[in-house]
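Reading through the structure tokens given below for one structure.
The values are calculated or read from the model by the stated rules, or taken from the named source; none is laboratory data. No experiment lies behind these values; they were computed from the predicted model shown. Every residue, glycine as well, gets a Cβ built from its backbone with ideal geometry; the counts of neighbours run over all protein chains shown.
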């Protein structure tokens, strides 16, 4: 039942870390909750921004005391941003990820990679273009062992 707990904790860290970057030059945060099966979680963290770079750190503790800590940063300049983060979970499990996003002529182009335990990892590339109230997006993800997928979609404003 708890086999996916590290992935869930990592997802919370990524979402919470991304939201924190909009809070201002420096911030701290804490929170918690109860999951659908009654397990509780808590989180705390903080970060700061200076000179086009934001750094943050957060720890999430979930059911049975499993925890993960995320340390990351984003640096932006001239229409391009680079990011990197390390997530370390209970029992030594974790991963490192990095990537870039560049905006030019109405298109955002992204690429990145992640590397986890036992040599597991992936690379990702994609783009999103918006014009006339419609955005078209697509991405390709490729894993180390030949596993991968492609996604695409369109969103239209009404």
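Numerical summary
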{"quantity": "Qualifying residues in segment 89-142 (those that are in contact with a helix residue (DSSP H, G or I) (Cβ under 8 Å, 6 or more places away or on another chain) and part of a helix (DSSP H, G or I)) - the one surrounded by the fewest Cβ atoms within 10 Å (Cβ to Cβ)", "calculated": "92"}
{"quantity": "Residue 64, sole failed condition from (1) loosely packed, with under 13 Cβ neighbours inside 10 Å; (2) in contact (Cβ under 8 Å) with a residue 60 or more places away in the chain; (3) assigned to a strand (DSSP E or B)", "calculated": "(3)"}
{"quantity": "Selection status of residue 137, more than 17 Å from residue 54 (Cα to Cα) and touching a strand residue (DSSP E or B) at 6+ places or on another chain (Cβ under 6 Å)", "calculated": "yes"}
{"quantity": "In segment 31-61, the residues that are crowded, with 18+ Cβ neighbours inside 10 Å and free of Cβ contacts under 8 Å to residues at least 12 places away in the same chain", "calculated": "none"}
{"quantity": "Tabulated pairs, segment 133-151, first over 17 Å from residue 111 (Cβ atoms), second assigned to a loop (DSSP other than H, G, I, E, B) and at pLDDT below 90, C-beta under 7 angstrom, 6+ apart or interchain", "calculated": "133/157"}
{"quantity": "Flag for residue 73 being surrounded by 15 or more Cβ atoms within 10 Å (Cβ to Cβ), at pLDDT 95 or above and within 26 Å of residue 152 (Cβ to Cβ)", "calculated": "no"}
{"quantity": "Residue among 151, 124, 120 that alone is closer than 25 Å to residue 70 by Cβ and out of contact with any strand residue (DSSP E or B) (no Cβ under 6 Å at 6 or more places or on another chain)", "calculated": "120"}
{"quantity": "Residues (farther than 21 Å from residue 54 by Cβ and in contact with a strand residue (DSSP E or B) (Cβ under 8 Å, 6 or more places away or on another chain)) located in segment 74-91", "calculated": "89, 90"}
{"quantity": "Some residue of segment 92-113 being touching a residue at least 40 places away in the same chain (Cβ under 8 Å), closer than 28 Å to residue 49 by Cβ and under 17 Å from the mean Cα position of the chain (by Cα)", "calculated": "yes"}
